[in-house]
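Before any comments, here is the structure.
The values are calculated or read from the model by the stated rules, or taken from the named source; none is laboratory data. Computed from a predicted model, the values in this text were never measured in an experiment. Counting neighbours? That spans all protein chains shown, and the Cβs are built from the backbone with ideal geometry, glycine included.
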Amino acid sequence: MRRTLRAHGHRTAATVTLALALTATAPQPARAEPGTLTEVHAELNRLYHDAEVATNKYDAADEKVTEQEKRVHTLQVRIEATETKLGRLTSLAGAAARAQYRGDSLPAEMQFALADDPERALDNASLARQAQQATQGVLTALSATRKNLGTRTDEAADELRSLRASRRAKDTERQAIEKHIYDAKKLESRLEKKEVERLAALEKKEADDAQAKWVDTGILKKVGTDATPAGKKAIAFATRQLGKPYVWGAEGPDSFDCSGLTSQAWLAAGHPIPRTSEEQWRLLKHVPIEDMRPGDLVIYFADASHVALYIGGGKIIQAPRPGRWVYVSPAASMEILGVVRPDA
């Protein structure tokens with residue numbers, strides 16, 4: 001049976017469930033049980049933030065695995081090409097040796113393969129010997145290349161195995177956080193309708209207050225109002241995603257997480273950028289907040305765990321958290337860390 005949260009500290013059954021869930025996984029510091037709606041709101045924010053941090057780390061690990069898989073594949077293709085060339089030249093070298101033994105000129109295929117100009121192919125015994133020696137040099141070089149490629153491929157494969165193990169570890173961490181998210185959702189689901197409405201009103205008030213404080217600084221009189229052509233494309237892409245659900249680790253086309261949305265928006269604009277908000281903050285050009293323009297990315301929280309696309313007028317398009325969808329919100333509704341520019 002549901003109970004209403006009361007300001008003087010009565011706990012709901014859902015709050016007790018959440019507290020038990022928080023201690024059910026790895027040992028954690030003791031935390032006071034959230035009793036008031038404000039405390040529940042703060043606890044939900046903490047849980048969702050921790051989950052986003054964990055997911056960011058998993059996405060980064062996953063991206064490294066994908067890149068390494070491509071590297072290993074490229075090396076394997078180069079090995080196959082080298083082996084094919086080695087086989088062909090070995091065959092031609094054998095044909096050249098047999099022709100020289102018989103006192104013949106080089107076979108036509110050998111002439112064509114080794115001549116700088118096929119129309120002036122080698123046709124005398126002296127040049128044949130030189131060609132055979134040159135072929136042997138090429139074979140030696142190719143053999144060395146094949147050995148080097150093999151070593152590099154083995155090393156790359158070892159690194160890939162290590163990265164996959166790291167990804168599995170990050171996935172385990174993420175699963176633990178998602179357990180908290182499950183419990184957070186259970187907590188929300190057990191709130192009375194009026195409490196849900198009060199929680200939504202509380203979130204909106206916090207966002208509006210933060211935005212008003214930011215706007216009062218006069219910042220919107222300083223920021224740019226015109227997007228670049230690429231920025232306009234990124235905004236157009238993000239606008240088309242409005243209403244799609246937030247899903248951990250998703251990058252479209254039917255759902256997104258925060259950095260999945262921004263990375264795909266800028267990919268659609270012709271500017272591939274890093275996958276995670278942390279890497280976007282680390283690798284993209286930083287610009288002062290007062291110099292930002294539509295299309296720039298706003299990075300949030302001290303750990304760069306959230307990102308959104310600035311669209312002008314003090315607004316962003318973001319994929320917020322589980323249970324929500326891609327939507328337009330105030331740019332300063334969360335703690336701004338800084339701004340980066342994908343098309344600097």
- [ ] Consider Ala207 carefully, then state whether it is of a type in the set (A, V, I, L, M), closer than 16 Å to Tyr327 by Cβ and not assigned by TED's automatic domain parsing to the domain that holds Gln280.
- [x] yes
Task: Number of the exception - Lys221 against (1) over 17 Å from Met334 (Cβ atoms); (2) in contact (Cβ under 8 Å) with a residue 60 or more places away in the chain; (3) of a type in the set (D, E, K, R) - done: (2)
- [ ] Could you tell me which of the residues Gln175, Gln211 is of a type in the set (S, T, N, Q) and surrounded by 13 or more Cβ atoms within 10 Å (Cβ to Cβ)?
- [x] Gln211
TODO: Give the residue that is nearest to Ala61 (Cα to Cα), with candidates limited to residues of segment 249-270 that are touching a Gly at 6+ places or on another chain (Cβ under 6 Å) and either free of Cβ contacts under 8 Å to residues at least 12 places away in the same chain or part of a helix (DSSP H, G or I) (or both).
DONE: Ala250
Open item on the list: Going residue by residue through segment 240-250, is there one that turns out to be among the charged types (D, E, K, R) and either touching a Phe, Trp or Tyr at 6+ places or on another chain (Cβ under 9 Å) or over 24 Å from Glu178 (Cβ atoms) (or both)?
Closed with: yes
- [ ] Check whether at least one residue in segment 317-326 is at pLDDT 95 or above, crowded, with 24+ Cβ neighbours inside 10 Å, assigned to a strand (DSSP E or B) and not assigned by TED's automatic domain parsing to the domain that holds Thr66, and report yes or no.
- [x] yes
- [ ] Could you pull out the residue among Tyr246, Tyr300 that is in contact (Cβ under 8 Å) with a residue 24 or more places away in the chain, touching a Lys or Arg at 6+ places or on another chain (Cβ under 6 Å) and aromatic (Phe, Trp, Tyr)?
- [x] Tyr246
Open item on the list: Going by what's in this entry, would Ala236 be described as crowded, with 18+ Cβ neighbours inside 10 Å, of a type in the set (Gly, Ala, Ser) and under 18 Å from Ala319 (Cβ atoms)?
Closed with: no
Open item on the list: Yes or no: segment 271-288 includes at least one residue that is in a strand (DSSP E or B), touching a Lys or Arg at 6+ places or on another chain (Cβ under 9 Å) and modelled with pLDDT under 95.
Closed with: no
Open item on the list: Among the residues that make up segment 10-17, is at least one of them outside any loop (DSSP other than H, G, I, E, B), modelled with pLDDT of 50 or more and touching a helix residue (DSSP H, G or I) at 6+ places or on another chain (Cβ under 6 Å)?
Closed with: no
